[in-house]
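Notes follow the structure.
The values are calculated or read from the model by the stated rules, or taken from the named source; none is laboratory data. Because the structure is a prediction, the values reported are computed rather than measured. Neighbour counts are summed over all protein chains in view; Cβ atoms, including those assigned to glycine, are modelled from backbone coordinates with ideal geometry. Heavy atoms of the whole protein, side chains included, go into the accessibility calculation; ligands, DNA and RNA do not. Shrake-Rupley method; radii C 1.70, N 1.55, O 1.52, S 1.80 Å.
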Amino acid sequence: MEVHDQINHLLNSSTVFLLATLDYRGFPTVITVSRPLWRIGLLKMYFYLNENGETVRNIMRDATGSVCCYDESDHESISLKGKFSIEPVDSENDLDSNLTAYQKELNHEYPVIVVFETGTAKIHMNKQTQDVIV
């Protein structure tokens, strides 16, 4: 399997993603979220968050961050560095079909879509870590 195919497989099979942003003191803040609602390869990912949360506040102050996911059984992971942006939710009805059961239960008062655009990628597979051209 080619590297880009392995990356897509890992991104498709992962159900847990870690989003890292920088707080107002410059310290990393990491949250665990469900898989992206939508994805354009590894170039762009769309996550469902609450506008009132620390992560969104951090992004508004500094868009730099990272996204990571892993497959524990195969000991594979991908770490992406890039920029976040925030988009409003146009219609809850359009969004609803893409939400997991857990995300629906969150019932965010002010839901937003957090978009991550990848700048660099690093993948760990076959007991080796390598940079990936995005």
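For this structure, a couple of remarks:
- Pick from the stretch 104-133, criterion polar (S, T, N, Q) and assigned to a strand (DSSP E or B), ranking: most open to solvent (accessible area, probe 1.4 Å): Q128
- Residue match in the stretch 55-74 (condition: modelled with pLDDT under 95, among the polar types (S, T, N, Q) and under 20 Å from I31 (Cα atoms)): no
- Residues that are out of contact with any Leu (no Cβ under 7 Å at 6 or more places or on another chain), open to solvent by less than 20 Å² (accessible area, probe 1.4 Å) and touching a residue at least 24 places away in the same chain (Cβ under 8 Å) occur in the stretch 48-56; there is at least one.
- All conditions in (1) open to solvent by 30 Å² or more (accessible area, probe 1.4 Å); (2) under 30 Å from E2 (Cβ atoms); (3) without any contact (Cβ under 8 Å) to a residue 24 or more places away in the chain hold for D96, with the sole exception of (2).
- Scanning the stretch 1-35 for residues that are open to solvent by 90 Å² or more (accessible area, probe 1.4 Å) and within 17 Å of S73 (Cβ to Cβ) yields M1, H9, N12, R35.
- Of the residues examined, A63 is one that is touching a Phe, Trp or Tyr at 6+ places or on another chain (Cβ under 6 Å), more than 17 Å from R35 (Cα to Cα) and surrounded by 13 or more Cβ atoms within 10 Å (Cβ to Cβ).
- Selection status of S77, surrounded by fewer than 14 Cβ atoms within 10 Å (Cβ to Cβ) and either touching a helix residue (DSSP H, G or I) at 6+ places or on another chain (Cβ under 9 Å) or assigned to a loop (DSSP other than H, G, I, E, B) (or both): no
- Taken over the stretch 38-47, the criterion of being open to solvent by 20 Å² or more (accessible area, probe 1.4 Å) and closer than 16 Å to K104 by Cβ is satisfied by no residue.
- Condition check for I86: in contact (Cβ under 8 Å) with a residue 60 or more places away in the chain, among the aliphatic types (A, V, I, L, M), closer than 17 Å to M45 by Cβ and in contact with a Leu (Cβ under 9 Å, 6 or more places away or on another chain): no
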